[in-house]
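Down below is the structure, laid out as structure tokens.
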Amino acid sequence: MSGTLTSTRLVLVPWLPEQLVEKSDRIGWSPVTFAFADPRVCLVCAHTLPGAMASARVLEKCGFTRVPDVVDPEDGLVWRFERRR
């Protein structure tokens, strides 16, 4: 996974699904650690498609909390998860 941190957004290149199964614990934690290393970052959010229970479990295991769903301009309705500093 690679990422670029700007003052307002962390953009990540996602893992392929087969890599997610192998590395689920590390996937969720690494971007959070990277983002929170910058003192300007106070919130990390993640989106997953509704019904993606495995993805939701990984996010929850990594300290994310599910918040109200949102409509993403590209993906439509998505589940939103947040983790605050």
- Query: If you go through segment 25-37 one residue at a time, do you hit one that is at pLDDT 80 or above, in a strand (DSSP E or B) and either of a type in the set (Gly, Ala, Ser) or touching a strand residue (DSSP E or B) at 6+ places or on another chain (Cβ under 7 Å) (or both)?
  - Reply: no
- Here are some residues: ARG83, ARG66. Which one is touching a helix residue (DSSP H, G or I) at 6+ places or on another chain (Cβ under 8 Å) and surrounded by 15 or more Cβ atoms within 10 Å (Cβ to Cβ)? ARG83
- With respect to CYS45, is the statement that it is on the phi < 0 side of the Ramachandran plot, surrounded by 14 or more Cβ atoms within 10 Å (Cβ to Cβ), hydrophobic (A, V, I, L, M, F, W, C) and modelled with pLDDT of 85 or more true? yes
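The values are calculated or read from the model by the stated rules, or taken from the named source; none is laboratory data. Computed from a prediction, not measured in an experiment: that's the story for all the values here. No Cβ is skipped: glycine too gets one built from the backbone with ideal geometry, and neighbour counts run over all protein chains shown.
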